[in-house]
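Asks: I have a structure I would like to understand better, so I am pasting it below and will then ask my questions one at a time.
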Amino acid sequence: MANQSEQVLNQLLQFEEKRLKMLKNVEEARLELHHNYAEKRAKLLSENKETFSWLLDSLSELRKERINFQKKAISEINDALLDSKVPEDLTKEWLHLITKLYHSDVSVAQKMVSVDFEEIDDQAFDSLKEVIENKLYSDINDHVQAIKEEISTEEDGHQVPGVD
């Protein structure tokens, strides 16, 4: 009976060792995913530094232009319309339309030079995550197959303790 208890204990210990090994593999996969993501992102940024710089500069220029329009151009247009004796209600309507069209055009320009960094990051991370998950599932399947083979070998060789 003591021998059978030792055998069960040893099998439990082996199972726990294998379980801890799988947990270690999961943690290594998680760390590998984050490491690969950081590397890929850094490479993307460094390889496209000039492009990103141009995009950011262009967006900055568009913001400055929009502010200038609000501060200077609108008041100059308003003054010109008042000097031309355009009725006040018509002046307000024209200024509203000019402002609306201007902001619409600038918004289109911003969309054209904008880069969705979040989308790029998400795509890179999802791609790497899929590779890591597939590797991890493969490791788990190999581990499960090894356990099945071990159980089959033990059942063929002798009665497994605790199994009738």
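Asks: When we measure straight from the Cα of LYS40, which aspartates and glutamates land under 19 angstrom away, once same-chain ones fewer than 8 places off are left out?
Replies: GLU28, GLU32, GLU50, ASP116, GLU118, GLU119, ASP121, ASP122, ASP126, GLU130, GLU133
Asks: From the cross-link list LYS43/LYS71; LYS64/LYS92; LYS43/LYS135, which pairs have alpha carbons spaced over 30 Å apart?
Replies: Details: LYS43/LYS71 41 Å; LYS64/LYS92 24 Å; LYS43/LYS135 23 Å.
Beyond 30 Å: LYS43/LYS71.
Asks: Further, regarding this structure: For region 86-126, take every pair of Cα atoms, bin their distances at 10 Å starting from 0, and report each bin as a whole percent.
Replies: 25, 25, 21, 15, 10, 4
Asks: Still on this model: Once R0 is set to 41 Å, what does the formula 1/(1 + (r/R0)^6) return for the Cβ-Cβ distance between ILE120 and THR153, expressed as a FRET efficiency to the nearest 0.05?
Replies: On the way: r = 50 Å, r/R0 = 1.22.
Rounded to the nearest 0.05, the efficiency is 0.25.
Asks: Taking all pairs of different Cα atoms in the chain, averaging 1/r and flipping that mean, what Kirkwood radius in angstroms comes out? Don't skip to the end; give the middle numbers.
Replies: Details: mean 1/r = 0.0436 Å⁻¹.
22.9 Å is the Kirkwood radius here.
Asks: Calculated from DSSP H runs of 4 or more alone, at -39500 (n - 2.57) each and per residue, what is the 222 nm mean residue ellipticity of the chain, nearest 500?
Replies: Details: 5 runs with 143 residues, N = 164.
After summing the helix terms and dividing by residue count, I get -31500 deg cm²/dmol.
Asks: Any number yet on Rg/Rh for region 49-115, C-alpha, Kirkwood?
Replies: On the way: Rg = 15.4 Å, Rh = 13.4 Å.
Answer for region 49-115: 1.15.
Asks: Let me ask something additional. Using Cα pairs under 8 angstrom and six or more residues apart, how large is the relative contact order of the chain, in percent?
Replies: Answer for the chain is 42 percent.
Only the coordinates and a few stated rules stand behind these numbers; no lab work does. All figures in this text were calculated on a predicted structure; none of them were measured in a lab. Heads up, the Cβs are rebuilt from the backbone with ideal geometry, glycines too, and the neighbour counts pull from every protein chain shown.
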